[in-house]
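Just below is one structure, and these are the notes that go with it.
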Amino acid sequence: MYDGSVQDLIDELGRLPGIGPKSAQRIAFHILESESEDMLRLADAIRTVKEKVTLCTICFNVSEHETCSICRDEKRDQALLCVVEESQDVMAIERTRTYRGRYHVLGGAINPIGGIGPDQLHIRELLTRLQDATITEVIIATDPNLEGEATATYLSRMLTTTGITVTRLASGLPVGGDLEYADEVTLGRAFEGRRAL
């Protein structure tokens with residue numbers, strides 16, 4: 001235990017995701033040893049992001065404006081809507097430069113053990129958006145884990161009556177992977193999602 005403010009800083013850093021006690025201590029001492037101007041810029045960046053960044057009123061992506069830059073972009077394909085769990089997923093897909101549609105951020109995934117049901121996600125708002133006749137395909141891009149699969153199944157069942165095409169991102173073997181190290185579920189999905197060459 002350190003005195004007062006140093007321990008408070010370590011405790012606060014330790015509350016961040018992926019930061020354990022030793023990492024929190026290392027970061028705290030890095031902050032102490034760094035130039036004051038550098039750390040004041042960091043503090044200002046944190047304060048600014050908390051003051052300025054909100055959720056887009058259309059897709060719930062992070063934005064400094066009422067609507068995000070993707071929703072404001074008239075060149076995007078309005079017929080395609082990609083449903084993701086978090087804003088970080090939007091950026092991961094955008095980095096591929098292969099998708100030119102719009103997004104809908106759910107704000108998480110269904111997780112009954114964690115107390116997250118459909119009502120805690122932006123599913124109601126998704127259904128409202130789908131009343132717009134311009135959307136012809138919904139791409140469900142939730143994580144390929146238990147919660148993501150539960151969310152995808154829930155959404156696909158809800159959307160079957162809309163007449164909109166509902167697709168799911170393919171999953172399977174990663175490029176450069178070895179078959180012998182693939183788990184049974186991943187290998188099974190690779191077989192299910194095979195395509196003609």
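The values are calculated or read from the model by the stated rules, or taken from the named source; none is laboratory data. Quick caveat, the model's predicted, so the values are computed rather than measured. So basically every Cβ, Gly included, is an ideal-geometry build from the backbone, and we count neighbours across all protein chains shown.
Within segment 146-186, restricting attention to residues that are of a type in the set (A, V, I, L, M, F, W, C) and loosely packed, with under 14 Cβ neighbours inside 10 Å, which residue is nearest to Gly117 (Cα to Cα)? It would help to see each step written out before you state the result.
Applying the first criterion (of a type in the set (A, V, I, L, M, F, W, C)) to segment 146-186 yields 146, 150, 152, 155, 158-159, 164, 166, 169-170, 173, 175, 179, 182, 185.
Retained after the next criterion (residues that are loosely packed, with under 14 Cβ neighbours inside 10 Å): 146, 170, 175, 179, 185.
Details: Leu146: 14, Ala170: 25, Val175: 34, Leu179: 36, Val185: 25 Å.
Only one residue fits best here, namely Leu146.
Would you confirm, using the coordinates I've provided, whether Ser63 is surrounded by 15 or more Cβ atoms within 10 Å (Cβ to Cβ), of a type in the set (Gly, Ala, Ser) and assigned by TED's automatic domain parsing to the domain that holds Thr142? Spell out the reasoning first.
Numbers: surrounded by 15 or more Cβ atoms within 10 Å (Cβ to Cβ): yes; of a type in the set (Gly, Ala, Ser): yes; assigned by TED's automatic domain parsing to the domain that holds Thr142: no.
Spelling it out, it is not the case that Ser63 is surrounded by 15 or more Cβ atoms within 10 Å (Cβ to Cβ), of a type in the set (Gly, Ala, Ser) and assigned by TED's automatic domain parsing to the domain that holds Thr142.
Pull out all pairs, ordered by first then second residue, where Cβ-Cβ is under 8 Å, the residues are six or more apart or on different chains, the first lies in segment 93-112 and is within 18 Å of Cys71 (Cβ to Cβ) and assigned by TED's automatic domain parsing to the domain that holds Arg124, and the second is of a type in the set (S, T, N, Q) and assigned to a helix (DSSP H, G or I).
Val105/Ser87; Leu106/Thr151; Gly107/Gln120
When you look at Thr128, is it loosely packed, with under 13 Cβ neighbours inside 10 Å, at pLDDT 90 or above and among the β-branched types (Val, Ile, Thr), yes or no? Even if it seems obvious, please write down each step before you answer.
On the way: loosely packed, with under 13 Cβ neighbours inside 10 Å: yes; at pLDDT 90 or above: yes; among the β-branched types (Val, Ile, Thr): yes.
It is true that Thr128 is loosely packed, with under 13 Cβ neighbours inside 10 Å, at pLDDT 90 or above and among the β-branched types (Val, Ile, Thr).
Give the residue that is nearest to Asp77 (Cα to Cα), with candidates limited to residues of segment 133-164 that are more than 21 Å from the chain's Cα centre (by Cα) and either without any contact (Cβ under 8 Å) to a residue 12 or more places away in the chain or not assigned by TED's automatic domain parsing to the domain that holds Tyr103 (or both).
Ala133
Quick check on this structure: which one of Arg97, Arg102, Arg41 is out of contact with any Leu (no Cβ under 6 Å at 6 or more places or on another chain) and on the phi < 0 side of the Ramachandran plot?
Numbers: Arg97 fails: on the phi < 0 side of the Ramachandran plot; Arg102 fails: out of contact with any Leu (no Cβ under 6 Å at 6 or more places or on another chain).
None of the others qualify; the one that does is Arg41.
Yes/no matrix, rows are residues, columns are (1) closer than 23 Å to Ile164 by Cβ; (2) in a helix (DSSP H, G or I); (3) in contact with a Phe, Trp or Tyr (Cβ under 8 Å, 6 or more places away or on another chain):
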position: Ala45; (1), (2), (3): no, yes, no
position: Glu51; (1), (2), (3): no, yes, no
position: Ile70; (1), (2), (3): yes, yes, yes
position: Lys75; (1), (2), (3): yes, no, no
position: Cys82; (1), (2), (3): yes, no, yes
position: Asp89; (1), (2), (3): yes, yes, no
position: Arg95; (1), (2), (3): no, yes, no
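Looking at (1) in contact with a Lys or Arg (Cβ under 7 Å, 6 or more places away or on another chain); (2) closer than 18 Å to Asn145 by Cβ, can you tell me which one Cys71 breaks?
It is condition (2) that Cys71 fails.
For segment 171-197, give me the residue count where each residue is over 24 Å from His122 (Cβ atoms) and touching a helix residue (DSSP H, G or I) at 6+ places or on another chain (Cβ under 8 Å).
Within segment 171-197, the subset over 24 Å from His122 (Cβ atoms) is 172-197.
This time we only want the ones that are touching a helix residue (DSSP H, G or I) at 6+ places or on another chain (Cβ under 8 Å), so: 172-173, 179, 182, 187.
Adding up the residues that qualify gives 5.
Being charged (D, E, K, R) and in contact (Cβ under 8 Å) with a residue 60 or more places away in the chain is the requirement here; does Arg129 meet it?
On the way: charged (D, E, K, R): yes; in contact (Cβ under 8 Å) with a residue 60 or more places away in the chain: yes.
Answer is yes for this residue.
Can you confirm whether segment 28-47 contains a residue that is within 30 Å of Cys82 (Cβ to Cβ) and not assigned by TED's automatic domain parsing to the domain that holds Gly108? Working first, answer last.
Just the residues of segment 28-47 that are within 30 Å of Cys82 (Cβ to Cβ), to begin with: 45-46.
After this cut, where a residue has to be not assigned by TED's automatic domain parsing to the domain that holds Gly108 as well, the list is 45-46.
Yes, that holds for at least one residue.
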